[in-house]
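Trainee: Please read through the structure below; I'll follow up with questions.
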């Protein structure tokens, strides 16, 4: 299994895609939006083309469309760190996305249906712009966190509601008028209606507050898999506003909330979680434990819906080797021999039917595995192999060598579930064209390796998630 895994990751991520026909310009994540899929059933359309299953790590540019069915959830993260979270039943299109001088961004997103959450970074240049267009409105922001809800009306047409949790939104109705929507207020505008004179307060609702002591960085992972917290400055969770040592989440979803904790120095920092109903504090839990410098820790607790809401005690805190090991759902396999990891998952599946499970791989351990297992196959030898993993997928470089030719190449891949199996897809390649004979050899090695690895995954794959330095594959064991 070790040789199979290394063969797939290296050849599949690097040399395998040297044979793929060049189809237009390469889209770089440095000038686009990167897709993270929190649940299956997300489709993507490129420049008006047909929809196809989207994979984690894909990049989207101007004219591309993302669609979620009744089960799908996803997050688009723009190159400046701003993010757009998409709920089930939603449809958004990247109308325009450009980097401007001074590291600024000009982004225009069209939302025709459903619910989204925008967490917009403070814009860096005067000509930077972030706007959301709906059938009835255009909203313009400069560093704001807000919800957009587009609903079908019984009599026909749609109405758009904006709820602002941080910053200020300028909303212009297509039928006329502009209204300022400040933090803590909302506005609803139907198609054909003008903007009201002023926004109204968001009705009081439950909220969760998470606070860390100085030096402790954390990331909260909601039951849906979205994240929010000071670590990585993420704000993917609907209603979440993050500051350096605290997050506030309006209308938190009941269920298990996971936490990733890390600190650069040794100590005993404290993480506190509190639930409020309006001004009343309903429940609270605190976690304090000794940390070594650079420890990474996984824990969690369960939020039960009220009123009043109830918090369970924190789960036992466990030291992990990566963010992926802390955020992956279900029974997590993230340690031990890389090649034997799937065998451990398979053994677990025998006695644990229909159970959530995840397998985690880190950049470091894959590179280490490659130093001890030189991937070869069908006359092709790979050397100088190196893998880097980030939110845009797996990035590999290698030297592919035969008796007559040596090619230095690089490639990026994305991955996701297709038909309940693990699937790899190219997103970028860089190499001079190869002679047809060598391309056929590399193609055969790639197809055999990737197909075998997909068949070897001993559970139904529901999610593939890339993070800086690691990725996980999550799913459910056979019933």
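The values are calculated or read from the model by the stated rules, or taken from the named source; none is laboratory data. Everything quoted here is computed from the prediction, not taken from an experiment. Neighbour counts run over all protein chains shown; Cβ positions are idealised from the backbone, glycine included.
Trainee: Somewhere in the stretch 269-288, is a residue under 23 Å from the mean Cα position of the chain (by Cα), farther than 25 Å from residue 39 by Cβ and outside the structural domain of residue 460 (by TED's automatic domain parsing)?
Mentor: no
Trainee: Which residues, taken from the stretch 130-172, are buried (at least 20 other Cβ atoms within 10 Å of the Cβ) and out of contact with any strand residue (DSSP E or B) (no Cβ under 7 Å at 6 or more places or on another chain)?
Mentor: none
Trainee: Additional query: Within the stretch 114-129, which residues are surrounded by 17 or more Cβ atoms within 10 Å (Cβ to Cβ) and more than 22 Å from residue 230 (Cα to Cα)? Give the steps one after another, and end with the answer.
Mentor: First, pick out the residues of the stretch 114-129 that are surrounded by 17 or more Cβ atoms within 10 Å (Cβ to Cβ): 114-121, 123, 128-129.
114, 115, 128, 129, listed by residue number.
Trainee: Now, a different point. Inspect the stretch 196-215 for any residue being closer than 30 Å to residue 324 by Cα, touching a strand residue (DSSP E or B) at 6+ places or on another chain (Cβ under 7 Å), not assigned by TED's automatic domain parsing to the domain that holds residue 88 and not in a strand (DSSP E or B) and give the result as yes or no.
Mentor: Within the stretch 196-215, one or more residues are closer than 30 Å to residue 324 by Cα, touching a strand residue (DSSP E or B) at 6+ places or on another chain (Cβ under 7 Å), not assigned by TED's automatic domain parsing to the domain that holds residue 88 and not in a strand (DSSP E or B).
Trainee: Something else now. Would you mind telling me which numbered condition in (1) surrounded by fewer than 23 Cβ atoms within 10 Å (Cβ to Cβ); (2) at pLDDT 95 or above residue 220 fails?
Mentor: Of the numbered conditions (1) surrounded by fewer than 23 Cβ atoms within 10 Å (Cβ to Cβ); (2) at pLDDT 95 or above, the odd one out for residue 220 is (1).
Trainee: In addition: Tally time: how many residues in the stretch 59-94 are free of Cβ contacts under 8 Å to residues at least 60 places away in the same chain, more than 20 Å from residue 227 (Cβ to Cβ) and surrounded by fewer than 24 Cβ atoms within 10 Å (Cβ to Cβ)?
Mentor: Matching residues across the stretch 59-94 total 10.
So that you can scan it fast, the table gives a plain yes or no per residue for (1) in a strand (DSSP E or B); (2) free of Cβ contacts under 8 Å to residues at least 60 places away in the same chain; (3) closer than 25 Å to residue 463 by Cα:
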{"site": "238", "(1), (2), (3)": "no, no, yes"}
{"site": "252", "(1), (2), (3)": "no, yes, yes"}
{"site": "260", "(1), (2), (3)": "yes, no, yes"}
{"site": "265", "(1), (2), (3)": "no, yes, no"}
{"site": "285", "(1), (2), (3)": "yes, yes, no"}
{"site": "302", "(1), (2), (3)": "yes, yes, yes"}
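Trainee: Looking at the structure I just gave you, is residue 97 touching a residue at least 40 places away in the same chain (Cβ under 8 Å), in contact with a helix residue (DSSP H, G or I) (Cβ under 9 Å, 6 or more places away or on another chain), assigned by TED's automatic domain parsing to the domain that holds residue 41 and surrounded by 17 or more Cβ atoms within 10 Å (Cβ to Cβ)?
Mentor: Against the criterion (touching a residue at least 40 places away in the same chain (Cβ under 8 Å), in contact with a helix residue (DSSP H, G or I) (Cβ under 9 Å, 6 or more places away or on another chain), assigned by TED's automatic domain parsing to the domain that holds residue 41 and surrounded by 17 or more Cβ atoms within 10 Å (Cβ to Cβ)), residue 97 qualifies.
Trainee: Then there's this: Among (1) without any contact (Cβ under 8 Å) to a residue 40 or more places away in the chain; (2) out of contact with any helix residue (DSSP H, G or I) (no Cβ under 8 Å at 6 or more places or on another chain), which single condition is residue 296 missing?
Mentor: Of the numbered conditions (1) without any contact (Cβ under 8 Å) to a residue 40 or more places away in the chain; (2) out of contact with any helix residue (DSSP H, G or I) (no Cβ under 8 Å at 6 or more places or on another chain), the odd one out for residue 296 is (2).
Trainee: Now a separate question. With the checklist (1) in a strand (DSSP E or B); (2) out of contact with any helix residue (DSSP H, G or I) (no Cβ under 7 Å at 6 or more places or on another chain); (3) within 29 Å of residue 424 (Cβ to Cβ) in hand, flag the one item residue 50 doesn't pass.
Mentor: Single failed check for residue 50: (1).
Trainee: Against the definition (assigned to a strand (DSSP E or B) and either touching a strand residue (DSSP E or B) at 6+ places or on another chain (Cβ under 6 Å) or within 25 Å of residue 388 (Cα to Cα) (or both)), how does residue 345 come out, yes or no?
Mentor: In short, no.
Trainee: Now for a separate question. Quick one: in the stretch 321-341, of everything that is in a loop (DSSP other than H, G, I, E, B) and within 20 Å of the chain's Cα centre (by Cα), which residue is surrounded by the most Cβ atoms within 10 Å (Cβ to Cβ)?
Mentor: Once the filter is applied, the top-ranked residue is 328.
Trainee: Still on this model: Tell me which residues, restricted to the stretch 53-84, are outside any strand (DSSP E or B) and farther than 21 Å from residue 471 by Cα.
Mentor: Scanning the stretch 53-84 gives 61, 62, 63, 64, 69, 70, 71, 80, 82.
Trainee: Go through (1) in a strand (DSSP E or B); (2) surrounded by fewer than 18 Cβ atoms within 10 Å (Cβ to Cβ) one by one and return the number of the condition residue 242 breaks.
Mentor: Every listed condition holds for residue 242 apart from (2).
Trainee: A further question follows. Look at residue 111 and say whether it is crowded, with 22+ Cβ neighbours inside 10 Å, more than 18 Å from the chain's Cα centre (by Cα) and not assigned by TED's automatic domain parsing to the domain that holds residue 394.
Mentor: The answer is yes for residue 111.
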